[in-house]
1. For a test of the definition: using alpha carbon positions, the gyration tensor, and the 1.5 limit on a/c, classify segment 120-165 as rounded, prolate or oblate.
2. What is the percent carbon and sulfur in the accessible area of segment 115-214, measuring with a 1.4 Å probe over the protein chains and ignoring ligands?
3. Counting Lys and Arg as +1 and Asp and Glu as -1, what is the net charge of the other residues whose Cβ lies under 13 Å from the Cβ of Glu168?
4. Could you compute how much accessible surface Arg127 exposes when probed at 1.4 Å, giving the result in Å² to the nearest 10?
5. Taking amide H atoms as placed 1.01 Å from N in the peptide plane, list the residues 5 or more away in sequence, or in a different chain, whose amide H sits under 5 Å from that of Arg22.
6. Under the Kirkwood approximation for Rh and a Cα-based Rg, what ratio Rg/Rh is obtained for the chain?
7. Check Trp192: other-chain or 5+ apart residues with amide H under 5 Å from its amide H, H built from backbone geometry?
8. How would segment 149-204 be classified by its alpha-carbon gyration tensor: rounded, prolate or oblate, with rounded meaning a/c under 1.5 and the a/b versus b/c comparison settling the rest?
Amino acid sequence: MTRPPSAAQRRVIDAADPVTGRLKGTESQLAALVRHGLAFRHPRPPHAHFLTPAGHRIREETATAEAPAAEAPQPAPAHEPAGVFAARVGGEDTADAGPSRVREVRSAWQGLLELRRMTNTDGVVDRPCAWERTHLVQAAALALEAAGLRPAGTDAEGYRVRATPQPEAVAVREPDTAALKECAVTLEKAGWQVGEHTEPRTGARYLLASPRRS
């Protein structure tokens, strides 16, 4: 990229689908983003345009710059801004877990599978893509929620997905042993490598999951 995107191009980038990175804009705006390496044009009809990893970084930098100052750490990650889909990682208020939420999750999962098909070099959908490797917690949580598993709420038990110091690995905790095994099976089916471990201090079982590369 030779120069920063214009204000109009940034608006197109900021309005991209948060999961698939699909773009909407004029032909000239989209063509300019492609020239700058921030978007690519899918070779198959309808020849939609999508953010490249560099385009995703621009979008995330904009969101970070516009976010309010961080508050004191909370047990669960903060909610996404209104109108932006975010998979439930566990610990959120799940009061709106109705039919509309189910539809949102299903749509997001189908969008992620399409992103895999378009961006994995061999077009496979049973293996995580680059976007998932840079959004580990959200990607793992989406796989679990799309399979119908229950995230922990503010007053209910369920799975919790959290980042770890290990590269490309998330931890999944679920107090119910059977449900934890279900999480492991679900992630393996979604293309993740999963191992079960024991907390040394508490003896609690948890999963470490990483996106499979082959």
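The values are calculated or read from the model by the stated rules, or taken from the named source; none is laboratory data. Small disclaimer: the values here were computed from a predicted structure and weren't measured. All Cβ positions, glycine included, derive from the backbone under ideal geometry; neighbour counts span all protein chains shown. Surface areas here come from the heavy atoms of the whole protein model, side chains and all, with no ligands, DNA or RNA. Shrake-Rupley method; radii C 1.70, N 1.55, O 1.52, S 1.80 Å.
1. Values: a/c = 4.42, a/b = 1.90, b/c = 2.33.
Judged from the Cα gyration tensor, segment 120-165 comes out oblate (a/c at least 1.5, b/c at or above a/b).
2. So the carbon and sulfur contribution to the accessible surface is 51 percent.
3. On the way: positive: Arg133, Arg212, Arg213; negative: Glu132.
For residues surrounding Glu168, the net value is +2.
4. Arg127 exposes around 40 Å² with every protein chain in place.
5. When sequence neighbours closer than 5 places are left aside, the close amide H contacts are Asp17, Leu51.
6. Details: Rg = 18.2 Å, Rh = 18.5 Å.
For the chain, the value is 0.99.
7. Arg212
8. Numbers: a/c = 1.44, a/b = 1.12, b/c = 1.28.
In terms of gyration-tensor shape, rounded.
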